[in-house]
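Here the structure is laid out as structure tokens; the discussion comes afterwards.
Nothing in this text is a laboratory measurement; each read-out follows from the coordinates by a stated rule. Nothing here was measured: the structure is a model prediction, and the numbers come from that model. All Cβ positions, glycine included, derive from the backbone under ideal geometry; neighbour counts span all protein chains shown.
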Amino acid sequence: MSEKKLFRLEGKVQHYAWGGMYYINSLLGRPESREPSAEYWMGAHQSAPSVVNGSTLDKLVKANPEEVLGAKVWERFGGLPYLLKILDVNDMLSIQVHPTKVEAEKGFARENAEGIALNASNRNYKDDNHKPEIMVALSEFWLLHGFLPEDKLKHVLQTVPEFSFLLPVFEKEGYYGLYKVVMEMPQEEVNKVLRPLAERAFPAYEADKLSKSDPAFWTGRVIENDPKGLDNLDRGIFSIYFFNIMEVHPGDAVFQDAGIPHAYLEGQNVELMANSDNVLRGGLTPKHIDVPELLKHTRFEAVHPKILQGDTVKGGLEIIYNSPAPDFVVSKITLKAGQKYEHTSEATEIMLVLEGDAVITGEDGEAIDLKKGQSVVTYYNAGYHIQSQAGTIIYKASVPVK
Ligand SMILES: [Zn+2]
């Protein structure tokens, strides 16, 4: 009999204030709770490792790294390189940028040397890793993603009267100069510039007259959510007008590379990211904003948003969403009743049943019954197959081992 390489995995719910009340509890088959549930984490991140086989995944990796991860992943990454999440975005998240690997290493070392505590509110770098992210929409999903292409941004500066003074700045100094001006603007001036715009947007938002592709809609929502409202306007409103507003349909994906400013606005998704917590914020948040650090790591260039529809493999049973990130790959397995998915893992894999039911059977013949919301982890080089009685949709995280 071969050794056991397939285990149930129990993730951890994060109750951040921006989360929704229903989606994650309903997915996990848990009773409604009084606090919002924002994220469900599956992985080995030290702050919330998943429970596996009476231990936690980070401990299991440390005890037997090559057996759990495979030699290649262990040598290259020194741990499980990814973190898999389900997100329920009820209120918009902060505008953010993630550093490159090289910059994260430098920033982490610098803040350590400066003696800034890891949990300090002015700490930017929680670890020395980059944090590219890919998301697959589970509902209609809205996000901000990168700067508008030049002609579109010019059009915004020409047509929104409050922004007309920024047009010559953009023409002369480009994306960097424009963003620097609004990010360094004193708060009283932000209030003065944005107030008339906010006074137009908010009533139209409240009267339900705006579409979600209109930046005025999200401006209205910022004001609705901020108790200080019109008296202390969030400079993130500039970004809502300067960035691409993307609508992503269920099953479609978006990749956020280092340096691309972004913010999730609304909806549910599966998110797979490098195992890191490094976030530089640029608004729509009461949290610490370090403007010089943000300006240093933002890519000041036009972004033409790309929707990824993935590549179909395994005779149509699996869609793989490839990205440039070496740390992770996410895929979606769809089985009708009676169909069989067979695979041998090339790295540690985590799978979550999003819909229906499934039975996953390892090489040793042991079968694990999985209901909606349940998940498993496979170690490196685990042969297994999955079948379903009534059909299922499963999301899988792995590492693109070459
Ligand atoms: Zn992000």
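Some notes on this structure:
- Taken over the range 92-123, the criterion of being within 16 Å of the ligand (Cβ to nearest atom) and either in contact with a Leu (Cβ under 6 Å, 6 or more places away or on another chain) or among the acidic types (D, E) (or both) is satisfied by M92, S94, I95, V97, E103.
- A48 small (G, A, S) and either at positive phi or assigned to a loop (DSSP other than H, G, I, E, B) (or both): yes
- For the range 335-364, the set of residues classified as polar (S, T, N, Q) and surrounded by fewer than 19 Cβ atoms within 10 Å (Cβ to Cβ) consists of Q339, T344, T361, listed by residue number.
- The selection criterion, being surrounded by fewer than 17 Cβ atoms within 10 Å (Cβ to Cβ), out of contact with any Phe, Trp or Tyr (no Cβ under 9 Å at 6 or more places or on another chain) and not acidic (D, E), does not hold for K306.
- Top-ranked residue of the range 178-229 - restricted to ones that are part of a helix (DSSP H, G or I) and of a type in the set (K, R), ranked as farthest from F165 (Cα to Cα): R221
- Some residue of the range 228-237 being of a type in the set (D, E, K, R), surrounded by 21 or more Cβ atoms within 10 Å (Cβ to Cβ) and within 30 Å of K180 (Cβ to Cβ): yes
- Looking across the range 132-150, the residues that are part of a loop (DSSP other than H, G, I, E, B) and either within 21 Å of A325 (Cβ to Cβ) or touching a Lys or Arg at 6+ places or on another chain (Cβ under 8 Å) (or both) come down to P132, L138.
- Looking only at residues of the range 204-226 that are of a type in the set (D, E, K, R) and in contact (Cβ under 8 Å) with a residue 40 or more places away in the chain, we find that the one that is surrounded by the fewest Cβ atoms within 10 Å (Cβ to Cβ) is K212.
- In the range 246-333, counting only strands (runs of 3 or more DSSP E) that sit wholly within it, the ones holding 2 or more residues that are away from the ligand (no atom under 14 Å from the Cβ) span 262-274, 311-313, 318-321.
- Residue pairs whose Cβ atoms lie under 8 Å apart, separated by 6 or more positions or on different chains, with the first residue in the range 91-104 and under 12 Å from T298 (Cβ atoms) and the second in a loop (DSSP other than H, G, I, E, B) and away from the ligand (no atom under 14 Å from the Cβ), are P99/Y125.
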